[in-house]
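Worksheet: the structure to be examined is printed underneath.
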Amino acid sequence: MKKIVLAYSGGLDTSCAVRWLKERGFEVVCFVADLGQGLGEGEDFQAIEGRALVAGASKVYIKDLQDEFVQDFVLPALKANAIYEGKYLLATALGRPLIAKYLVELAHKEKASAVAHGCTGKGNDQVRFEVTVGILDPKLEIIAPVREWEFKSREEEIEYAHMSNIPIDVSKKKPYSIDRNIWGISIEAGVLENLEQEAPEDAYLLTKSPTQISTYPKYLEVYFEKGVPKKIDGKTYKLKSLINHLNEVGGLYGVGRMDLVENRLVGIKSREIYEAPAATILYTAHKELESLVLDRELAHFKEIISLKYSELVYYGLWYSPLKEALDSFVNSTQKQVSGSIKLKLFKGSCIPVGRKSPYSLYKKELSTYGKGDKFDQKLAEGFIKIWGMPYKR
Ligand code: ARG
């Protein structure tokens, strides 16, 4: 019997996919990746495992990948200041290559000839999964049941799940499509497809409404070492707990909400809202620290790299030669990115208000308008003449 490893979430789509693949003659091994998705109410990994088995899986692997995710995927993206179309901090996009990597690993371990995922044919995630699998093992067959099967609506899937006795709780009909991990939440569909309408409060899961927050700001100090966030307010954290902590604090102050129409890789524009409190706080702080310690030319060039980096992540090209080369560049820029940034969280905003670093390139004696000025203003005259010379008519 042909064996297939399916990336399994426990939801309706992938549960139907288990049965659907089995009916097509596959032995189905399910892989559940724990990226800090915070399972829904009344849900746990045991329940998910049970559901996979009832649906027809022969085996279920559940793996906590949170540390690897933050260390090997989130952190490089943070160092690169990767942000897609100026707003999206890439939580979903960063998780896919990691899940795909384990799909391939498990396929080898289980001697499976194929892998599968539950993505639709309209999104970016199918691309990220399949391109990554193709890079890591081009011999593996890839099946995307949702692109192929006969069900035309959620209702038809529910009926199929019922007929197959798969325990799916459909009472809480989800009004949105949600993807969540420790780096952020992506929310789309439902009323969000109406572009003129503000996203309703119930679409947000992690952040308090900025209008309902105390009028007192919250100050935070983030300390970085070589581009890696290490401490909050003087207390050392491991990366995963640091992110969890900032999600909590940021969420309380309504920080990290985004609402955008983005360009998908497959050529569709889609409206998506995001919540990423920790990512927003760390991105803001990291960028501010770089402003202090990187010279102008490096800082400006790095912005170009950030843009390209975010596209590579979004386009599913994590394991590409260019991304690897950009990582080398980015890492070489981080040697002096150490120091502390003080931030003010206030009614949904996150603003840097203080900074210090042993590698600071700020020279008060040059910039001051007060006492102790060492900048020789007379030199400016000659500089300007030469600078503007080529443009004089
Ligand atoms: N648009 C985002 C991306 O392509 C998120 C995709 C998943 N979103 C969702 N709500 N299920 O990375």
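The values are calculated or read from the model by the stated rules, or taken from the named source; none is laboratory data. Just so it is clear, the structure is predicted and the values come from calculations on it, not from any experiment. Cβ coordinates were reconstructed from backbone atoms using ideal geometry, including for glycine residues, and neighbour counts include every protein chain displayed. All accessible areas refer to the heavy atoms of the entire protein, side chains included, with ligands and DNA or RNA removed. Shrake-Rupley method; radii C 1.70, N 1.55, O 1.52, S 1.80 Å.
Brief remarks follow.
- Scaled against 2.2 N^0.38 Å for its residue count N, the alpha carbon radius of gyration of the chain is 1.13.
- Orientation-averaged projected area, Cα convex hull of the stretch 167-287 (nm²): 10.5
- Theoretical FRET efficiency, 1/(1+(r/R0)^6), r = Cβ-Cβ of residue 304 and residue 324, R0 22 Å, to 0.05: 0.80
- Annotation for the stretch 277-370: trypsin sites (Lys or Arg not before Pro) lying in DSSP loop with at most 13 further Cβ atoms inside 10 Å of their Cβ are 335, 363.
- Around the Cα centre of the chain, unit charges on the Cβ atoms of Lys, Arg, Asp and Glu (plus for the first two, minus for the last two) sum to a dipole of about 1620 debye.
- Comparing 177, 334, 99 along the charge dipole axis of the chain, the residue lying farthest to the positive side is 334, per the Cβ-charge model.
- Expressed as a fraction of 2.2 N^0.38 Å, the C-alpha radius of gyration for the stretch 262-349 is 1.27.
- Residue (of 346, 108, 121) at the positive-pole extreme of the chain, dipole from beta-carbon charges: 346
- Alpha carbon convex hull of the stretch 242-300, volume per residue in cubic angstrom: 123
- Sites residue 41 and residue 362 - FRET efficiency at Förster radius 45 Å, r taken between beta-carbons, to 0.05: 0.35
- Share of alpha-carbon pairs per 5 Å distance bin for the stretch 1-156, given as whole %: 2, 9, 19, 21, 22, 15, 8, 4, 1, 0
- With Cα atoms as the point set, the radius of gyration and Dmax of the stretch 119-222 evaluate to 19.3, 58 Å.
- Across the protein chains, with a 1.4 Å probe defining accessible surface, the residues 183, 387 rank 387, 183 from largest area downward.
- Legend: residue pairs 240/363; 22/139; 87/208, Cα-Cα distance threshold 26 Å; pairs beyond threshold, 240/363.
- Solvent exposure of residue 147, expressed as accessible area, is near 110 Å², computed with a probe of 1.4 Å over the protein chains only.
- Per-residue SASA entry for residue 198, accessible area with 1.4 Å probe, Å² rounded to 10: 150
- Calculation over all alpha carbon pairs of the stretch 85-157 in 10 angstrom steps from 0 returns a P(r) of 18, 44, 28, 9, 0 percent.
- Projecting label points 7 angstrom from Cα along Cα→Cβ for residue 295 and residue 154 puts them 5.6 nm apart.
- The largest accessible area among 230, 385 belongs to the first residue in 385, 230, and the rest follow in falling order (1.4 Å probe, all chains).
- The convex hull built on the alpha-carbon positions of the stretch 1-62 has an orientation-averaged projected area of 3.8 nm².
- Kirkwood Rh and Cα Rg combined as Rg/Rh, the stretch 118-172: 1.09
- The stretch 62-121: trypsin sites (Lys or Arg not before Pro) in DSSP coil with no more than 10 other Cβ atoms inside 10 Å: 111
- The string of couplings for the stretch 327-344 from the Karplus curve (6.51, -1.76, 1.60, θ = phi - 60°) is 4, 4, 4, 4, 4, 5, 7, 9, 4, 10, 8, 10, x, 10, 10, 9, 10, 10 Hz, one whole number per residue in order, with x for Gly and Pro.
- Per the Debye calculation on the stretch 189-251 with a single equal scatterer at every Cα and no solvent contribution, log₁₀ I(q)/I(0) for q = 0.12, 0.19 Å⁻¹ amounts to -0.48, -0.83.
- Options 45, 322, 252, ranked by Cα towards positive dipole end of the chain, top entry (Cβ charges): 322
- The heavy atoms of residue 108 offer some 100 square angstrom of accessible surface to a 1.4 angstrom probe.
- Helix-derived mean residue ellipticity, 222 nm - over the chain, DSSP H n ≥ 4, -39500 (n - 2.57), to 500: -12000 deg cm²/dmol
- Considering the stretch 332-390 at the alpha-carbon level, its Rg and Dmax are found to be 17.7, 49 Å.
- FRET efficiency, 1/(1 + (r/R0)^6) with R0 35 Å, evaluated for residue 147 and residue 344 via beta carbons: 0.15
- Charges were assigned to the Cβ only: +1 to each Lys and Arg, -1 to each Asp and Glu. The resulting dipole of the stretch 238-393 about its Cα centre is roughly 460 debye.
- Each of residue 393 and residue 105 was given a label point 7 Å from its Cα along the Cα-to-Cβ line. The distance between the two points is 6.5 nm.
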